[in-house]
Amino acid sequence: MISTLRDLHPAASDPVPELPDEAPTLQRVDLDVLSKIVKRSLNNGAAPAGSGWTGDLLYALIGDKDCLSAIGTLICDIINGKMVGALRELLLSSIIIPVKKSSGGTRQIATGECFYKLASLYAFPDIPLEPIQFALSPGGPESAVHVLQAALDLHPDWIVISVDIAMF
């Protein structure tokens with residue numbers, strides 16, 4: 001099974017590029033918005049990635065003003081591309097969990113870092129795919145393609161970016 005996962009997720013040929021120096025930066029994170037995102041989208045029992053952090057753990061911290069402020073600073077730094085080196089690699093990595101399909105074969109479930117998910121949800125609040133889950137439903141990938149196409153048809157100025165990163 002490991003060799004199948006390696007075949008499906010080969011090592012990246014090039015690292016994800018750094019943000020350009022002229023990219024606009026976020027000055028501060030709205031802590032009320034951040035708190036709502038944690039409550040609404042991350043406090044869902046999802047499995048942790050490599051760091052062991054989950055949305056449920058973040059939820060336990062957001063009630064404390066100092067902890068929420070620290071999380072806000074971290075999210076601001078992630079959005080501004082200030083995470084470099086091994087820390088950046090860890091934030092962008094996922095754990096791949098193989099699940100056997102009833103029809104044969106293997107489906108791969110990727111669990112990403114909750115801090116990266118939180119930064120993404122904060123930076124792109126209008127992406128309407130939360131909390132839809134296609135991974136384990138029959139015809140899930142096909143359904144996801146149709147939802148994305150419908151969103152692009154409704155919003156011609158939107159783009160879709162697909163990133164598949166494997167760390168072995």
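What number of residues within the stretch 81-94 satisfy the criterion of being of a type in the set (A, V, I, L, M) and surrounded by fewer than 15 Cβ atoms within 10 Å (Cβ to Cβ)?
Going through the stretch 81-94 one residue at a time, the tally reaches 3.
Would you confirm whether or not the stretch 35-43 contains a residue that is surrounded by 15 or more Cβ atoms within 10 Å (Cβ to Cβ) and more than 18 Å from the chain's Cα centre (by Cα)?
Within the stretch 35-43, none of the residues are surrounded by 15 or more Cβ atoms within 10 Å (Cβ to Cβ) and more than 18 Å from the chain's Cα centre (by Cα).
Is there any pair with a first residue in the stretch 58-73 that is in contact (Cβ under 8 Å) with a residue 24 or more places away in the chain and hydroxyl-bearing (Ser, Thr, Tyr) and a second that is surrounded by 12 or more Cβ atoms within 10 Å (Cβ to Cβ) and assigned to a helix (DSSP H, G or I) whose Cβ atoms are under 9 Å apart and which are 6 or more apart or on different chains, and what are they?
Note: pairs meeting the criteria are SER69/LEU31.
Within the stretch 121-153, track down each residue that is loosely packed, with under 11 Cβ neighbours inside 10 Å, hydrophobic (A, V, I, L, M, F, W, C) and modelled with pLDDT under 75.
Result: LEU136, single match.
Say whether the condition of being without any contact (Cβ under 8 Å) to a residue 60 or more places away in the chain and within 13 Å of LEU118 (Cβ to Cβ) is met by at least one residue in the stretch 8-27.
Looking through the stretch 8-27, none of the residues is without any contact (Cβ under 8 Å) to a residue 60 or more places away in the chain and within 13 Å of LEU118 (Cβ to Cβ).
Spot the failing condition for SER162; the list is (1) assigned to a loop (DSSP other than H, G, I, E, B); (2) of a type in the set (Ser, Thr, Tyr); (3) at pLDDT 80 or above, and only one is missed.
(3)
List the residue pairs whose Cβ atoms are under 6 Å apart, where the first residue sits in the stretch 92-114 and is free of Cβ contacts under 8 Å to residues at least 24 places away in the same chain, the second is charged (D, E, K, R), and the two are 6 or more positions apart or on different chains.
Short answer, once both residue conditions are applied: LYS101/ARG107.
Does any residue in the stretch 30-45 that is more than 11 Å from LEU68 (Cβ to Cβ) come within less than 6 Å, Cβ to Cβ, of a residue that is acidic (Asp, Glu) and outside any helix (DSSP H, G or I) six or more places away or on a different chain, and which pairs are these?
Taking only residues 6 or more apart or on different chains, the pairs are SER41/GLU130.
I'd like to check something: does the stretch 46-64 contain any residue that is out of contact with any strand residue (DSSP E or B) (no Cβ under 7 Å at 6 or more places or on another chain), within 18 Å of TYR116 (Cβ to Cβ) and loosely packed, with under 12 Cβ neighbours inside 10 Å?
Checking the stretch 46-64: at least one residue is out of contact with any strand residue (DSSP E or B) (no Cβ under 7 Å at 6 or more places or on another chain), within 18 Å of TYR116 (Cβ to Cβ) and loosely packed, with under 12 Cβ neighbours inside 10 Å.
The values are calculated or read from the model by the stated rules, or taken from the named source; none is laboratory data. None of the values given here were measured: they were computed from a predicted structure. When we count neighbours, we look across all protein chains shown, and the Cβ atoms used for this are built from the backbone with ideal geometry, even at glycine.
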